[in-house]
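> Have a look at the structure that comes next, please.
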Amino acid sequence: MGCQMNVYDSYRIAAMLKPMGYSETSSWENADLIILNTCTIRQKAEQKAFSFLGRLGKLKKKNSNLIVAVGGCVAQQEKEQILDRMPVVDLVFGTHALSRLCEHVYHLETCDDRIVDVTMSESVHEPDIPVDVSKPGDVKAFVTIMQGCDNFCTYCVVPYVRGREISRQPDKIIEEIKMLANSNIREITLLGQNVNSYGIKQKLCSFAELIHRVNDIEDIVRIRFTTSHPKDLSDELIDAFGQCHKLCHHIHLPVQAGSDRVLKRMNRKYSRDEYIRKVNRLKAVCPDIAITSDIIVGFPGETKQDFIQTLDLIEKVGYDSLYAFKYSDRPNVPATRFSNKVSEPEKSERLKQLLTLQEKLTLKKHKDMVGTTEQILVEGLSKKQASDSHKQYHWTGRTSTNKAVNFSFPIHHKDNGAPLTGRLVNVKIIKAFSHSLWGKPVDIESERMSSKGDNYHAA
Ligand code: SAH
Ligand code: SF4
Ligand code: F3S
């Protein structure tokens, strides 16, 4: 559950447990160990975790050896209280306890016990050998480059449940990416709650310098990163969009609100104008850059006027897409104690208005792409597989600007029948939908890292 950093941790957990003899199963009934990696960013996420745990009692009755572990941000927040509330749980491990997970599981395999490990540390635990989180057939992978957050936005639990910001050593990050490249990974997304402040506190290299180093890794063809805090978006990083040819033309730059009054109460440390200036610089360096954002509607004290300013900002920036959330009170964060809470119906109404506006903007962006040719990194066959007799298969991939593109192509083609997964394909965009695009392949990279000369050309 939760953000990409949780996804990355879950992959690491799966990789760490392999040497202990565990492998993944798609059926709950078959599992000897169930690990729930939780999120507590909004109340709903926390409720989802508890309701999932509530459903595990039945499985434990059937299999008394089943071990149930709860990790991640709810574990860090609720600690031993989880054991009281959920009798089914054997292990609670916090966000800094990942490196000790295997020894806890080993203990529980042999002893009838319950364990809580929510100790936080000041340093990043690096395994001696980097953990390969990729699976066969994967084209892209996440790499977490820093943990925690020091920003203390007044609505947010992350600094409390993930601890202080700590960056990983650049050499360790590069070593891990080279290993992933060896496992046929072609696209890397660098992760952190605020990647723009990477390395500053510990005087490592800057985030832009790190990107330059990843750009030099031969088998990696695409680099993405998330999330960027606008206050720390440096000119050096903006310039990297013009200098690093593998850096994708997309930035996720959460604005949260369009009114200076609300931004101040959120403790975001930038103004609306400063944000717009940075967006304009990005567009000047990289004219086709896609910009996406997170927005909270109904922050305590947000007036209709404030909200209109958010709508106005959305139009001014012209976002490619948005994640919008209704404000949710979280334990121990300052905003929970703020007065003038916005009512639930009002929050829902504002969210609806905002999403309607964004849908219109997204569809227009997609329609403007019809007729252009886009380079796609193919991720595999699309889920909506065609059952046709012409051996045409539907493939899916993304543009540099992170838009999903589907197209049809035979699975066996002259090129040794090698599948398209992991290849760069130029696709002419024919149709625009609200969440994806449809196109026709015009130029296919003939093999991994091919010499351009042998490429397939469609008639
Ligand atoms: N570090 C990232 C955000 C991580 S949390 C950043 O600063 O941009 C992901 C998103 O969840 C946030 O951007 C915010 O929009 C939303 N969010 C965080 N706390 C929230 C809360 N209490 N209620 C509603 N949305 C929240
Ligand atoms: Fe939360 Fe703010 Fe840190 Fe993002 S920058 S994780 S919103 S405190
Ligand atoms: Fe959720 Fe924790 Fe990520 S609260 S958003 S899983 S850092």
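> Take the residues in segment 150-168 that are more than 10 Å from ligand 1 (Cβ to nearest atom) and among the aliphatic types (A, V, I, L, M); name whichever of them is farthest from residue 300 (Cα to Cα).
166
> While we're on this one: Among the residues of segment 184-238, write down those that are more than 20 Å from residue 169 (Cβ to Cβ), touching a Leu at 6+ places or on another chain (Cβ under 9 Å), of a type outside the set (Ser, Thr, Tyr) and free of Cβ contacts under 8 Å to residues at least 60 places away in the same chain.
Correct list: 230, 233, 238.
> Sort out which residues of segment 245-273 are within 16 Å of ligand 3 (Cβ to nearest atom) and outside any loop (DSSP other than H, G, I, E, B), and write them in order of number. So that I can check it myself, show each step before the final result.
Within segment 245-273, the first condition is being within 16 Å of ligand 3 (Cβ to nearest atom), and the residues that meet it are 252, 254, 256.
252, 256, listed by residue number.
> Of 217, 174, 188, 276, which residue is of a type in the set (Val, Ile, Thr) and in contact with a strand residue (DSSP E or B) (Cβ under 8 Å, 6 or more places away or on another chain)?
On the way: 217 fails: in contact with a strand residue (DSSP E or B) (Cβ under 8 Å, 6 or more places away or on another chain); 174 fails: in contact with a strand residue (DSSP E or B) (Cβ under 8 Å, 6 or more places away or on another chain); 276 fails: in contact with a strand residue (DSSP E or B) (Cβ under 8 Å, 6 or more places away or on another chain).
None of the others qualify; the one that does is 188.
> Here's a follow-up. When you scan segment 317-348, how many residues do you find that are surrounded by 15 or more Cβ atoms within 10 Å (Cβ to Cβ) and not hydroxyl-bearing (Ser, Thr, Tyr)?
Here the count works out to 15.
> Checking residue 293 against (1) more than 19 Å from residue 156 (Cβ to Cβ); (2) not in a helix (DSSP H, G or I), which single condition isn't satisfied?
In the conditions (1) more than 19 Å from residue 156 (Cβ to Cβ); (2) not in a helix (DSSP H, G or I), residue 293 misses (1) alone.
> Only one residue in 351, 363, 355 is away from ligand 1 (no atom under 16 Å from the Cβ) and closer than 28 Å to residue 283 by Cβ. Which one? Even if it seems obvious, please write down each step before you answer.
On the way: 351 fails: away from ligand 1 (no atom under 16 Å from the Cβ); 355 fails: away from ligand 1 (no atom under 16 Å from the Cβ).
Just a single option satisfies the conditions, and that option is 363.
> Condition test on residue 402, is it outside any strand (DSSP E or B), touching a residue at least 24 places away in the same chain (Cβ under 8 Å) and in the same structural domain as residue 426 (by TED's automatic domain parsing)? Lay out the reasoning, then the answer.
On the way: outside any strand (DSSP E or B): yes; touching a residue at least 24 places away in the same chain (Cβ under 8 Å): yes; in the same structural domain as residue 426 (by TED's automatic domain parsing): yes.
For residue 402, the condition - outside any strand (DSSP E or B), touching a residue at least 24 places away in the same chain (Cβ under 8 Å) and in the same structural domain as residue 426 (by TED's automatic domain parsing) - is met.
> Let me ask you something else. Only one of 213, 186 is of a type outside the set (A, V, I, L, M), buried (at least 21 other Cβ atoms within 10 Å of the Cβ), more than 16 Å from ligand 1 (Cβ to nearest atom) and not assigned by TED's automatic domain parsing to the domain that holds residue 306. Can you tell me which? Spell out the reasoning first.
Details: 213 fails: buried (at least 21 other Cβ atoms within 10 Å of the Cβ).
Result: 186 is the single residue among 213, 186 that is of a type outside the set (A, V, I, L, M), buried (at least 21 other Cβ atoms within 10 Å of the Cβ), more than 16 Å from ligand 1 (Cβ to nearest atom) and not assigned by TED's automatic domain parsing to the domain that holds residue 306.
> Moving on to the next point. Within segment 33-53, is there a residue that is within 16 Å of ligand 3 (Cβ to nearest atom), of a type in the set (Gly, Ala, Ser), part of a helix (DSSP H, G or I) and under 25 Å from residue 198 (Cα atoms)?
no
> State which residue is farthest from ligand 2 (Cβ to nearest atom) when the search covers only segment 164-175 and only residues that are surrounded by 17 or more Cβ atoms within 10 Å (Cβ to Cβ) and charged (D, E, K, R).
168
> Identify, please: which residue in segment 112-145 is touching a helix residue (DSSP H, G or I) at 6+ places or on another chain (Cβ under 7 Å) and aliphatic (A, V, I, L, M) and is, among those, modelled with the lowest pLDDT?
So in segment 112-145, the residues touching a helix residue (DSSP H, G or I) at 6+ places or on another chain (Cβ under 7 Å) come out as 113-118, 125-126, 130-134, 141-145.
Filter once more, so that each one left must be aliphatic (A, V, I, L, M): 115-116, 118, 131, 133, 141, 143, 145.
Numbers: 115: 98, 116: 98, 118: 97, 131: 85, 133: 88, 141: 97, 143: 96, 145: 97.
So the residue we want is 131.
> Only one of 198, 160 is in contact with a strand residue (DSSP E or B) (Cβ under 7 Å, 6 or more places away or on another chain) and not β-branched (Val, Ile, Thr); which? Lay out the reasoning, then the answer.
On the way: 160 fails: in contact with a strand residue (DSSP E or B) (Cβ under 7 Å, 6 or more places away or on another chain).
Being in contact with a strand residue (DSSP E or B) (Cβ under 7 Å, 6 or more places away or on another chain) and not β-branched (Val, Ile, Thr) holds for just one of 198, 160, which is 198.
The values are calculated or read from the model by the stated rules, or taken from the named source; none is laboratory data. What you see is a predicted model; the values in this text were computed from it and never measured. Cβ atoms come from the backbone with ideal geometry, glycine included; neighbour counts cover every protein chain shown.
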